[in-house]
Structures are given as structure tokens and as C-alpha cells.
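Structure first, then comments.
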Amino acid sequence: MALTKINGIDLNINTKGNGKPLLLIHGLGGNHKQLDIITNPLSKHFKTITFDIRGHGQSEKPTEYTLQEHINDVLGIMDFYNIEKTYLLGVSMGSYIAQGVAIAAPERIEKLILTVPKSNGLTSSVQILFREHAEEIKGKNFHETILTLLKFLVYNTEIMKHHLDVFETDLTPEQFAAANKAITNFDFRKDLPSITAPALVISGKYDGLNPPKDGQEIRSEE
């Protein structure tokens, strides 16, 4: 593992393949490895760049940070690799960061792919789900909690029981709380029209975290 200093923070950054740059951002509590299923085939056509966002994976974990710092980190990575313009893909919370990047520097985004996104929120969708089912998950660890709430996340729970890694986290409760706090009260709706890149918004019909109506709201604002 080689860490790279970006904006004063050590980030675990991984590149693969050759071609036009494609920068991918993972979701809350995750890490870059959760994107392997996407990056492995795409790296045959692009130079894929994945990283553990600050506070996650093997990257440095400050006790406090903000969504704006996540956005600045993406731009910092682009600067580090001398990338003038990139394709940008964000998954779940990664899509919140991607929206912020495309708003802050629209001229630097070639195309934008937002997977299970939302444009605003008081907190993370995961935290909302946990609060709504607090009694049901009381006393359970994170793995047990995900198993209990899986019916609200996917259509076929039996299949997804074999792919729980997409939901798991290796963060401590304190680190997970800091990650949630970073996306408190964000709202991009009034700024979405400033995005100039062609955008693809992908939502899942049975997604209970960021349902299709949230993706449709982004589409209507752009």
C-alpha cells in the first residue's frame, strides 16, 4: 500500500489500466475494493482511479471532516495526476461527492455517472434507515443489522446474503459516526443546473436507501 498526501491527508489511491481517466468514488463506510466489480472490466478501456476517501479504508482517518473536504480531495487527486478533465462515477455517498465536484469544477468533468444518488439530505440514507428501525436492530452489531434490514435494501435478499461485502464496513462506531456527520445537511438542488457534463443517473427500483424518486429529482433539476 502506498499512501499519497492530498490536501494534507494520506489517501490510499489505486490506478489501473490505460486510456482516458475515469475516477470512481465509493459509498459510506466502504472502500475502493468494493468497486472492483466495476473497475476491473472498465480498466480495459480507461485509466481507472479509485481511492479510499478520507476517513475510510486505508486512508487517514481524522476525527472530523466535511463533504467539502471530500470534494476538494477529488480535485486534489486530479491535480496530482495532472488530469485536466475526467469521467467521474460515484456510488451512493460517492454520488453526493461527485455532484459536488461537478458543481465546483464543471469544466473538469467529461461525463458524470451518478449511481443510486440523492441531491440533498439531513444525514446519510443508512443512518435514516437505522433510526427508522431502531427497535428492530437494538443490540445488534453492524453485520447483524444489515442482515435484518436487507429486505429494505434489495429485491432478492437470498442472493444478496452472499454479497454482503457491498454493505459491510470496517470502521469503528466512532469513525462511522464521523463519516455520517460529514454529509449532514447537504443540498445541491439549486446548484445542479451549473453542471455542464452529460450525466447518467442510475437508480434501483427496489432500493430503500436512495430510491428512484431521489434520482428523478436530480434529473429534473439538471
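The values are calculated or read from the model by the stated rules, or taken from the named source; none is laboratory data. Keep in mind that this is a model prediction, so the values were computed, not measured. Don't worry about glycine lacking a Cβ; one is built from the backbone with ideal geometry, like all the others, and counts go over all protein chains shown. Ligands, DNA and RNA are stripped out before the accessible areas are found, and what is left, the full protein with its side chains, is counted by its heavy atoms. Shrake-Rupley method; radii C 1.70, N 1.55, O 1.52, S 1.80 Å.
Restricted to the stretch 62-76, and to residues there that are open to solvent by less than 10 Å² (accessible area, probe 1.4 Å) and not hydrophobic (A, V, I, L, M, F, W, C), the residue that is nearest to residue 6 (Cα to Cα) is 73. One residue is enough: does the stretch 108-121 have a residue meeting the conditions open to solvent by 40 Å² or more (accessible area, probe 1.4 Å) and among the small types (Gly, Ala, Ser)? Looking for residues that are open to solvent by 40 Å² or more (accessible area, probe 1.4 Å) and among the small types (Gly, Ala, Ser), one finds none in the stretch 108-121, hence no. Against the numbered list (1) open to solvent by 60 Å² or more (accessible area, probe 1.4 Å); (2) assigned to a loop (DSSP other than H, G, I, E, B); (3) polar (S, T, N, Q), residue 59 comes up short only at (1). Screening residue 169 against (1) among the β-branched types (Val, Ile, Thr); (2) within 25 Å of residue 112 (Cβ to Cβ); (3) outside any helix (DSSP H, G or I) leaves a single unmet condition, (2). Filtered by the rule that a residue be more than 18 Å from the chain's Cα centre (by Cα) and either of a type in the set (Val, Ile, Thr) or surrounded by 13 or more Cβ atoms within 10 Å (Cβ to Cβ) (or both), the stretch 167-188 gives a lone residue, 172. Can you tell me which residue within the stretch 197-209, out of those that are surrounded by 14 or more Cβ atoms within 10 Å (Cβ to Cβ) and farther than 18 Å from residue 130 by Cβ, is farthest from the chain's Cα centre (by Cα)? Checking each candidate, the answer is 197.
Pairing each residue of the stretch 2-29 that is open to solvent by less than 10 Å² (accessible area, probe 1.4 Å) with any residue that is of a type in the set (Val, Ile, Thr) and part of a loop (DSSP other than H, G, I, E, B), provided the two are 6+ apart or on different chains, yields C-beta distances under 9 Å for 11/53; 23/83; 25/53; 26/53; 29/169.
The helices (runs of 4 or more DSSP H) found entirely in the stretch 72-161 that carry 2 or more residues being under 17 Å from residue 50 (Cα atoms) and in contact with a strand residue (DSSP E or B) (Cβ under 8 Å, 6 or more places away or on another chain) are 93-104.
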